[in-house]
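The values are calculated or read from the model by the stated rules, or taken from the named source; none is laboratory data. Quantities reported herein were computed from a predicted structural model and do not represent experimental measurements. Backbone-built Cβ (ideal geometry, glycine too); neighbour counts: all protein chains shown. Note: accessible area is taken over every heavy atom of the protein model, side chains too, but ligands, DNA and RNA are not part of it. Shrake-Rupley method; radii C 1.70, N 1.55, O 1.52, S 1.80 Å.
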Amino acid sequence: MTSIDFYFNADHRLQLACRLAGKAVSQGKRLLVWAPQADSAQSIDRLMWTTPATGFVPHCMAHDALACETPVLSSAAATEPNGCDILLNLGDECPPSFERFERLLEIVSRAGEDRKGARKRYRFYRERGYPIADHDLAAGP
């Protein structure tokens with residue numbers, strides 16, 4: 001069953017997404033960033049080229065010819081490629097086919113609308129019995 005991690009009170013969702021993608025790569029995992037809004041997909045793509053400051057997160061679009069060799073993929077489509085262990089949701093809704101992944105990562109900012117959507121997704125996952133881990137980023141280390 002897919003385990004779900006919610007990261008609450010993120011100051012900058014996309015920067016945290018890059019950090020989590022980099023962590024997945026360092027652990028030898030493949031990650032899919034689901035970014036159904038075009039502006040989010042473009043922003044995360046640009047940010048992964050410059051984060052961390054001394055390198056970048058190796059990534060490409062899921063439909064790219066190098067996708068099978070790249071550890072981090074981005075997609076706006078409803079169908080996800082096979083072979084990814086982790087799904088990172090940058091959408092406002094529950095991602096399609098999330099149950100195919102070992103883990104699902106949800107990043108929640110402090111913004112009211114973002115929190116409202118996250119509560120809805122949290123309730124959806126909890127009601128279906130998915131194990132959920134909460135990470136409050138405001139609580140500190």
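Let's see how each residue does on (1) touching a strand residue (DSSP E or B) at 6+ places or on another chain (Cβ under 7 Å); (2) small (Gly, Ala, Ser); (3) within 15 Å of Ala62 (Cβ to Cβ); (4) open to solvent by less than 20 Å² (accessible area, probe 1.4 Å):
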position	(1), (2), (3), (4)
Val72	yes, no, yes, yes
Ser75	yes, yes, yes, yes
Arg103	yes, no, no, no
Ala118	yes, yes, no, yes
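Out of everything in segment 1-28 that is farther than 25 Å from Ala139 by Cβ and open to solvent by less than 70 Å² (accessible area, probe 1.4 Å), what residue ends up being nearest to the chain's Cα centre (by Cα)? Spell out the reasoning first.
Residues of segment 1-28 that are farther than 25 Å from Ala139 by Cβ, as a first pass: 1, 25, 28.
Narrowing the set further to residues that are open to solvent by less than 70 Å² (accessible area, probe 1.4 Å) leaves 25, 28.
Numbers: Val25: 13, Gly28: 16 Å.
Per the criteria, the residue is Val25.
Write out, first by first residue and then by second, each pair whose Cβ atoms fall under 7 Å of each other, whose residues are 6+ apart or on separate chains, and whose first residue, in segment 94-108, is aromatic (Phe, Trp, Tyr) while the second is surrounded by fewer than 17 Cβ atoms within 10 Å (Cβ to Cβ).
Between residues of segment 94-108 that are aromatic (Phe, Trp, Tyr) and residues that are surrounded by fewer than 17 Cβ atoms within 10 Å (Cβ to Cβ), the close pairs are Phe98/Thr2; Phe101/Thr2; Phe101/Asp85.
In segment 1-24, what residues are of a type in the set (D, E, K, R) and outside any loop (DSSP other than H, G, I, E, B)? Step through it out loud before you land on a result.
We begin by selecting, within segment 1-24, every residue of a type in the set (D, E, K, R); these are 5, 11, 13, 19, 23.
Result: Asp5, Arg13, Arg19, Lys23.
Quick check on segment 79-93: of everything there that is open to solvent by 10 Å² or more (accessible area, probe 1.4 Å) and in contact (Cβ under 8 Å) with a residue 24 or more places away in the chain, which residue is nearest to Leu14 (Cα to Cα)?
Residues of segment 79-93 open to solvent by 10 Å² or more (accessible area, probe 1.4 Å): 79-85, 92-93.
Then keep just the ones that are in contact (Cβ under 8 Å) with a residue 24 or more places away in the chain; that gives 80-81, 83-85, 92-93.
Numbers: Glu80: 20, Pro81: 22, Gly83: 23, Cys84: 20, Asp85: 20, Asp92: 14, Glu93: 17 Å.
The selected residue is Asp92.
Given Ile107, Ile86, Ile132, which one is of a type in the set (Val, Ile, Thr) and over 19 Å from Arg19 (Cα atoms)?
Working: Ile107 fails: over 19 Å from Arg19 (Cα atoms); Ile86 fails: over 19 Å from Arg19 (Cα atoms).
None of the others qualify; the one that does is Ile132.
Consider segment 110-141. How many of its residues are more than 22 Å from Gln15 (Cα to Cα) and free of Cβ contacts under 8 Å to residues at least 12 places away in the same chain?
Total satisfying the criteria: 5.
Name the single residue that is modelled with the highest pLDDT among those in segment 33-57 being open to solvent by less than 50 Å² (accessible area, probe 1.4 Å) and in contact with a helix residue (DSSP H, G or I) (Cβ under 7 Å, 6 or more places away or on another chain).
The extreme case among them is Val33.
Evaluate segment 6-20: report whether one residue or more is touching a strand residue (DSSP E or B) at 6+ places or on another chain (Cβ under 6 Å) and basic (Lys, Arg).
yes
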